[in-house]
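Okay, so here's the structure we're looking at.
What follows is calculated from the coordinates using simple rules that are stated; it is not laboratory data. In this text, all values refer to a predicted model and were calculated from it rather than measured experimentally. Because the Cβ atoms are built from the backbone with ideal geometry, glycine has one as well, and the counts that use them run over all protein chains shown.
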Amino acid sequence: MTKTLSGVLLEDHLELSLNDLCQACSRPAEWVIELVEYGAIEPIGEEQLNWRFNVDSLQRARTAMRLQRDLDINLAGIALALDLLDEIKRLRTDLHINGSYLT
Amino acid sequence: MDFQDYYKIMGLERSATQDEIKRAYRKLARKYHPDVSKEADAEQRFKEVGEAYEVLKDPQKRAAYDQLGANWKAGSDFNPPPDWDAGFEFTGGGYTQGDASAYSDFFESLFGKGGFNPYQSDQGRRGYRSRGEDHHAKVLIDLEDAYKGATRAITLTSPELDNSGHVVNKQRTLNVKIPKGVKQGQKIRLAGQGSAGMGNGPAGDLYLEIEFKPHSLYRVEGHDVYLDLPLAPWEAALGASVKVPTPAGPVDLKIAPGTKNGRKLRLKGKGIPAAKAGDLYVVPQITLPDANTAKAKELYKKMQEEMAYNPRSAMGV
């Protein structure tokens with residue numbers, strides 16, 4: 001009999017540390033800092049030591065990690081791709097909500 | 001085991017140059033990258049293309065693959081001929097990148113599993129004692145599960161080292177509680193359910209990403225849910241009380257007289273029940289009864305004669 005596990009639901013307001021983000025992406029802190037410098041993700045807080053990241057940043061950082069690994073894109077390109085992917089997602093959501101017609 | 005036609009997968013002739021192979025790979029990798037592509041089988045295609053490139057980009061592996069001959073068709077039952085690789089040397093073992101579960105049995109039968117190191121990340125290499133890697137997986141649920149909560153059995157495959165140091169794919173099944181109120185894309189963190197740590201280091205975490213199965217009635221955006229509701233013309237024109245399905249069970253909905261097509265009606269708090277519950281939006285879809293009987297035709301004719309209605313008046317015609 002397998003026992004049933006309960007996890008922690010990562011709410012939108014949940015914040016991760018720089019270390020959490022490095023761990024989740026298997027990348028060093030320097031890499032995450034570079035993502036911030038390119039504006040690919042935005043930390044909460046001024047001091048690098050006290051940076052916090054929201055769940056959206058976790059998502060973006062993991063996508064960045066995969067794009068870099070698989071497509072050999074540099075960070076400037078990744079930041080651009082992330083913004084364009086967001087825009088496509090927003091447009092798709094609009095289309096989806098409005099079904100096949102637009103009012 | 002099925003034969004894999006790596007040239008066909010990459011859309012190339014067997015005579016393709018190394019440059020052509022590289023170009024084809026880059027193009028297909030962008031096309032099928034799971035973060036970019038919306039095609040349903042993108043992940044599978046991406047893996048196939050990666051595997052094909054792994055072989056064709058390396059002149060030694062490509063030459064060995066080529067001498068299997070051009071007569072094989074993708075999908076035919078395949079066993080490597082004895083000594084098929086005699087005279088070829090694969091530097092650095094089979095894998096040079098990627099993860100073990102990504103390669104087909106066909107690939108493994110030819111190029112083996114050597115050279116793959118599950119602790120290849122910087123995290124793993126750094127010290128004797130280190131935390132295990134985090135794992136990430138998706139879990140598919142029904143919209144109704146987000147309303148009520150559910151328990152899902154999740155089977156995960158991950159490469160691990162056995163006692164003799166070989167990589168084996170281990171399967172394990174976890175029963176996971178899906179709390180009510182989850183939304184598309186939200187993550188659940190299960191502490192300590194990732195890879196085992198090294199040298200008594202703690203295990204990594206498992207992140208599960210929630211994904212809703214497509215529903216025939218509802219569309220979901222965040223915690224809000226959308227439903228198209230068909231209405232008869234007289235229900236929309238005169239108002240009515242109609243039964244409406246919701247993921248939490250049917251409700252009676254008052255339709256105001258003069259309801260317009262597509263004008264959303266909000267049922268506050270009837271979306272996904274999170275801390276701040278989402279709303280349910282009902283989108284009226286006015287449908288026309290068929291004029292396929294004498295009686296129906298007569299009724300339409302009567303409306304035409306007695307109602308002064310020009311749907312194109314705003315067009316100035």
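Where a Cα-Cα gap under 23 Å defines reach, which lysines qualify for B:Lys8, not counting those fewer than 8 residues away within the same chain?
Those lysines meeting the cut-off are B:Lys22, B:Lys27, B:Lys31, B:Lys38, B:Lys47, B:Lys57, B:Lys61, B:Lys73.
For B:His136 paired with B:Ala196, estimate the spin-label separation in nm (one decimal), with each label point 7 Å from Cα along the Cα-to-Cβ line.
2.5
Given H placed on each backbone N at 1.01 Å, which residues far from B:Ile141 in sequence or on other chains put an amide H within less than 5 Å of it?
B:Glu211, B:Phe212, B:Lys213
Report, to two decimal places, the Cα Rg of the protein assembly as shown normalised by 2.2 N^0.38 Å (N = number of residues). Numbers along the way, then the final one.
Working: Rg = 27.8 Å, N = 420, 2.2 N^0.38 = 21.8 Å.
Normalised Rg, Cα atoms only: 1.27.
List, in order, the whole-Hz ³J(HN,Hα) value for each residue of the range B:12-26 obtained from phi through the Karplus relation with A = 6.51, B = -1.76, C = 1.60 and θ = phi - 60°; use x for Gly and Pro.
10, 6, 5, 8, 4, 7, 4, 5, 5, 4, 5, 5, 4, 4, 4
Seen from all sides and averaged, what is the projected area of the convex hull of the Cα atoms in the range B:187-273, in nm²?
If I average the Cα hull's projected area over directions, I get 7.5 nm².
Determine which lysines satisfy two conditions relative to B:Lys260: a Cα distance under 28 Å, and not lying fewer than 8 residues away in the same chain.
Hits, sequence-local ones excluded: B:Lys243, B:Lys268, B:Lys270, B:Lys295, B:Lys297, B:Lys301, B:Lys302.
Taking every pair of distinct Cα atoms and averaging 1/r, then inverting, what Kirkwood hydrodynamic radius in Å comes out for chain A? Working shown, then result.
Numbers: mean 1/r = 0.0646 Å⁻¹.
After inverting the pairwise mean of 1/r, the radius is 15.5 Å.
Of all beta bridges DSSP finds with both residues in the protein assembly as shown, what is the antiparallel percent, to the nearest 5? Mind showing how you got there, number by number?
Numbers: 36 of 53 bridges.
Counting DSSP beta bridges with both partners in the protein assembly as shown, the antiparallel share is about 70 percent.
Hey, what's the Kirkwood Rh for the range B:125-213 if you take every pair of different alpha carbons, in angstrom?
On the way: mean 1/r = 0.0699 Å⁻¹.
14.3 Å is the Kirkwood radius here.
In Å, what Kirkwood hydrodynamic radius results for the range B:218-315 from the alpha-carbon pair distances? Can you show the working numbers first?
Working: mean 1/r = 0.0649 Å⁻¹.
That comes to 15.4 Å for the range B:218-315.
For a label point 7 angstrom out from the Cα of B:Ala237 toward its Cβ, which stretches of the range B:247-279 have the backbone nitrogen within less than 14 Å?
The answer is B:257-261, whose backbone nitrogens lie closer than 14 Å to the label point.
Given A:Ala81, B:Gln4, B:Ala248, which one lies farthest toward the positive end of the charge dipole of the protein assembly as shown, if we put +1 on the Cβ of every Lys and Arg and -1 on the Cβ of every Asp and Glu?
Positive-end residue among those listed: B:Ala248.
Would you grab the residues whose amide H sits under 5 Å from the one on B:Asp228? Only those 5+ places off in sequence or on another chain, please, with H modelled 1.01 Å from N.
The list, which skips near neighbours in sequence, is B:Val283.
Roughly how far apart, in whole Å, are the Cα centres of the range B:186-216 and the range B:1-35?
32
Using alpha carbon coordinates only, what is the Rg to Rh ratio of the range B:189-237, with Rh defined as the Kirkwood radius?
1.47
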